[in-house]
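A short write-up of the structure that comes next.
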């Protein structure tokens, strides 16, 4: 049973947004109360929703989750007895307060809300270990169960929207590391590019990579050679050496797992994060969104897609895997006055926009029609009923700059593609504009690709 109340706030601006956060995080047996003190600024309905949602998210991030495991051997009789005892205790407490008779019915109703009668014999859901959803960790879980546990002394520690860390090296230099993991059936090279792209978002020049390859017992030596060959091709193409690694076959692994760590060096004055955006800056996207997800779908589901699309169409979509590197445009951006960089990966452009705004503490106004997207991505997503803006988008880069036109020109001069899609604003609102329609960007969610294939 779940209940919520706006308690005097405009309808659907407080209780429901708070409850939605709990439902997305799969949190049970909890009550959340938020008290708002008016500070003289009218937030509007969107601002209220954001404020209440953020309060719950930060509360969860600062909380400890207690896993509850019900005793499977406990009989229904014992449950009824326990419930009866609790009811008697509560009734005694109410009687001691000497509540007037005219208020008794209301209290009885309240008791029913606390301990509702069992209407059927359906067993209660057992919570074994507060299991998490597949895909990228939610922001609140990442904060409370990962970042809070780390006592980092790094010059630049990783965080929400920052997938790398840095320490001081020689004068004016920093050593930067970034890591990525892919569980793959196709395109193992995507794992290498994911790590290199994370590194590139700092403005660092890569020095080398290390890798760990975990294989299931069903894998053959020929499979091993093919996957190592894919890593080697990226290494040679990008001229980045493989410094070491580890390979192991495990019974607990059901599909190949590739973990890649990239190490690089950055000039301190050119070091960039996703936290540098300020209000009234241009927001820019490079290439096209959804490239990596489109390539995976076109390859993994080729037979199914062939019923509607011609082979040249699918060949073109599968070749988008060749666009995964963002090193060139990231290097140009770092030297051209970029304020913030964030790669588009799991969660697509919507996920990257949310993390950029959250990391920098700015609002956003994004024109949906200006977001660059290929026709193949649109049609394949439409075929599978997926949102292309939430689709795995390795190969694209999200930028914020005071002079977006100059940055776009610099990237195009270097042979890349880039376009301004909106601007940052001085508020908490992150707004998507589609013609006359305006709606608020939601917090990061599970990548659409998880509805179709096992990836990341």
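Taking the criterion of being closer than 21 Å to residue 324 by Cα and assigned to a loop (DSSP other than H, G, I, E, B), the residues of region 337-382 that qualify are 345, 346, 347, 371, 372, 374.
Residues in region 162-181 that are touching a helix residue (DSSP H, G or I) at 6+ places or on another chain (Cβ under 7 Å) and at pLDDT below 80 were compared, and the one that is surrounded by the fewest Cβ atoms within 10 Å (Cβ to Cβ) is 172.
Counting residues in region 237-253 that are part of a loop (DSSP other than H, G, I, E, B), closer than 29 Å to residue 378 by Cα and in contact (Cβ under 8 Å) with a residue 24 or more places away in the chain gives zero.
Remark: pairs (first residue in region 319-339, assigned by TED's automatic domain parsing to the domain that holds residue 405; second residue outside any helix (DSSP H, G or I) and surrounded by fewer than 17 Cβ atoms within 10 Å (Cβ to Cβ); Cβ separation under 6 Å; 6+ apart in sequence or on different chains) = 332/414. A Cβ distance below 8 Å, combined with a sequence gap of six or more or placement on separate chains, defines the contacts here; from region 404-418, residues that are without any contact (Cβ under 8 Å) to a residue 24 or more places away in the chain reach residues that are surrounded by 14 or more Cβ atoms within 10 Å (Cβ to Cβ) in the pairs 412/418. All conditions but one from (1) at pLDDT below 95; (2) assigned to a loop (DSSP other than H, G, I, E, B); (3) surrounded by fewer than 18 Cβ atoms within 10 Å (Cβ to Cβ) apply to residue 280; the one that does not is (1). The single residue among 250, 207, 214 that is in contact with a strand residue (DSSP E or B) (Cβ under 7 Å, 6 or more places away or on another chain) and closer than 28 Å to residue 270 by Cα turns out to be 207. Residues that are surrounded by fewer than 24 Cβ atoms within 10 Å (Cβ to Cβ), in contact with a helix residue (DSSP H, G or I) (Cβ under 7 Å, 6 or more places away or on another chain) and touching a residue at least 60 places away in the same chain (Cβ under 8 Å) within region 289-303 comprise 298, 299, listed in sequence order.
For region 388-426, a residue qualifies if it is more than 18 Å from residue 325 (Cα to Cα), touching a strand residue (DSSP E or B) at 6+ places or on another chain (Cβ under 8 Å) and buried (at least 18 other Cβ atoms within 10 Å of the Cβ), and the qualifying residues are 388, 389, 400, 401, 404, 407, 421, 422, 423, 424.
The values are calculated or read from the model by the stated rules, or taken from the named source; none is laboratory data. Since this is a predicted model, take the numbers as computed values, not measurements. No Cβ is skipped: glycine too gets one built from the backbone with ideal geometry, and neighbour counts run over all protein chains shown.
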